[in-house]
Amino acid sequence: EVTCRHIAALGPAYPSAVVVSFQDRADVEQAGQMRRDFVANVSHELRTPLTALIGFIETLRGAARDDEAARDRFLNIMEGEAGRMNRLVGDLLSLSRVEAEERVRPTNQIDLAGLLTSTLTSMTPLADNNKVNLTLVAPDPPVQISGDADQLRQVFTNLIENAIKYGGSGGHVTVELREIDRDPVLRAAALDVRVIDQGPGIDSVHLPRLTERFYRADNHRSRQLGGTGLGLAIAKHIVNRHRGRLKVDSEKGNGATFSVILPR
Ligand code: ADP
C-alpha cells in the first residue's frame, strides 16, 4: 500500500514507481469489485428459480397433494424453472471456458460460409416455431478463415437466437457474409457476418453495455423468453479470441444489426 507519507519518503527519485503502485492498486480494487458483482449476480440469478422450486415442492407436499390438475400444472412450472437453472449453469461454464482460452489464438482453417449454412440449418426449427423467415446471403465458394469452428458456431447461434427471440413473430432474419478489403478499426482485410432483424430494436443508451454479463436492455422480455443475460458476453470473448470485433447498430423501433468482423 502506498500512502502520501510513503511518497514523501520516496522523494522525487521514484515518481514512476509511485504511479505504478497507485495504478496497480486501482486495478486490483476494480477487479475485486467486478468479482464481487459477478458472484452477487450469479447468486441472485440462481436463487430466483431455486426459490420457486422450493415453494412448489412445499405446495405439492401440502395443498396440491390430492389435486391431480394442480400437480401437473406445478410440475410443468418446476420443469421450466429447472430448465432455466440448467441453461444458466451451461452458459456460466461456457463463459469460464471461453475466458480461459481468450489468449490462445485459434489456428484451424475453417470454411465460414459452410459453417453459417450448417448453423442456419440447425436453427430452422426455432425460426419455424417463431414463424420467422431465416435467410442466408453468402458467396458460393468456401470462405477460409483460421478459427475455432465450435466457438464461432456458438457466436452465430447466440446472435441468430436473439434475432429470432427479440425480432418478433412473423418477421425476417437475414444473415449476410461479405468480404471487406479493409476494416477501418482492425486495419486489415476482414470478413463481416451480419445478423439483421426487423424487431423493436434497442435504445442507444443500452448499446455500449450489451456485452456486459447479465446486462439486459429489456429485463422483463429477456426473462420471459428464458434468456440468461450471458449470450453476448460469451460472444464477445470468442470474437476477441479471434482478434475480431463485435458491433451493434440499432435504433429503437427499427430492428437491430449485429456484426461479427473477423480479420482474414
Ligand atoms: P439474453 O439471454 O437476455 O438474451 P444476451 O446477452 O444474449 O442475453 O443479450 C443481452 C440483451 O440484449 C438482451 O437481454 C436484450 O435485451 C438485448 N438484445 C440482444 N439481441 C437483441 C435483438 N436482436 N433485438 C433487441 N434486443 C436484443
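The values are calculated or read from the model by the stated rules, or taken from the named source; none is laboratory data. Because the structure is predicted, anything quoted here is derived from the model rather than measured. Glycine gets a Cβ as well: all are built from the backbone with ideal geometry, and neighbour counts include every protein chain shown. We work out accessible area using only protein heavy atoms, side chains counted, and drop any ligands, DNA or RNA first. Shrake-Rupley method; radii C 1.70, N 1.55, O 1.52, S 1.80 Å.
Taken across the stretch 199-209, residues that are crowded, with 20+ Cβ neighbours inside 10 Å and aliphatic (A, V, I, L, M) do occur, with at least one present. A Cβ distance below 6 Å, combined with a sequence gap of six or more or placement on separate chains, defines the contacts here; from the stretch 151-175, residues that are without any contact (Cβ under 8 Å) to a residue 60 or more places away in the chain reach residues that are of a type in the set (S, T, N, Q) and within 13 Å of the ligand (Cβ to nearest atom) in the pairs Ile164/Asn130; Ser169/Asn130; Gly171/Gln198; His172/Gln198. Screening Arg105 with (1) assigned to a loop (DSSP other than H, G, I, E, B); (2) out of contact with any strand residue (DSSP E or B) (no Cβ under 9 Å at 6 or more places or on another chain); (3) within 21 Å of His242 (Cα to Cα) gives one miss only, at (2).
Would a scan of the stretch 136-149 turn up a residue that is out of contact with any Pro (no Cβ under 8 Å at 6 or more places or on another chain), open to solvent by less than 70 Å² (accessible area, probe 1.4 Å) and within 15 Å of the ligand (Cβ to nearest atom)? No; the residues of the stretch 136-149 include none that is out of contact with any Pro (no Cβ under 8 Å at 6 or more places or on another chain), open to solvent by less than 70 Å² (accessible area, probe 1.4 Å) and within 15 Å of the ligand (Cβ to nearest atom). A Cβ distance below 7 Å, combined with a sequence gap of six or more or placement on separate chains, defines the contacts here; from the stretch 241-255, residues that are closer than 24 Å to Val104 by Cβ reach residues that are open to solvent by 70 Å² or more (accessible area, probe 1.4 Å) and within 16 Å of the ligand (Cβ to nearest atom) in the pairs Leu246/Lys236. Look through Met85, Met123 and report the one residue that is farther than 20 Å from Ala163 by Cα and of a type outside the set (Gly, Ala, Ser). After applying the criteria, what remains is Met85. In the set (1) near the ligand (Cβ under 10 Å from one of its atoms); (2) at pLDDT below 95; (3) over 30 Å from Gly80 (Cα atoms), the condition left unmet by Ser250 is number (2). Can you tell me which residue in the stretch 230-264 is least open to solvent (accessible area, probe 1.4 Å), limited to those that are touching a Ser or Thr at 6+ places or on another chain (Cβ under 6 Å) and over 19 Å from Arg153 (Cβ atoms)? Only one residue tops the list, namely Ala256.
If you scan the stretch 186-240, which residues turn out to be hydroxyl-bearing (Ser, Thr, Tyr) and near the ligand (Cβ under 9 Å from one of its atoms)?
Answer for the stretch 186-240, where residues must be hydroxyl-bearing (Ser, Thr, Tyr) and near the ligand (Cβ under 9 Å from one of its atoms): Thr211, Tyr215, Ser222, Thr228.
Taken together, Arg84, Arg65, Arg97 contain a single residue that is charged (D, E, K, R), without any contact (Cβ under 8 Å) to a residue 24 or more places away in the chain and assigned to a helix (DSSP H, G or I), which is Arg97.
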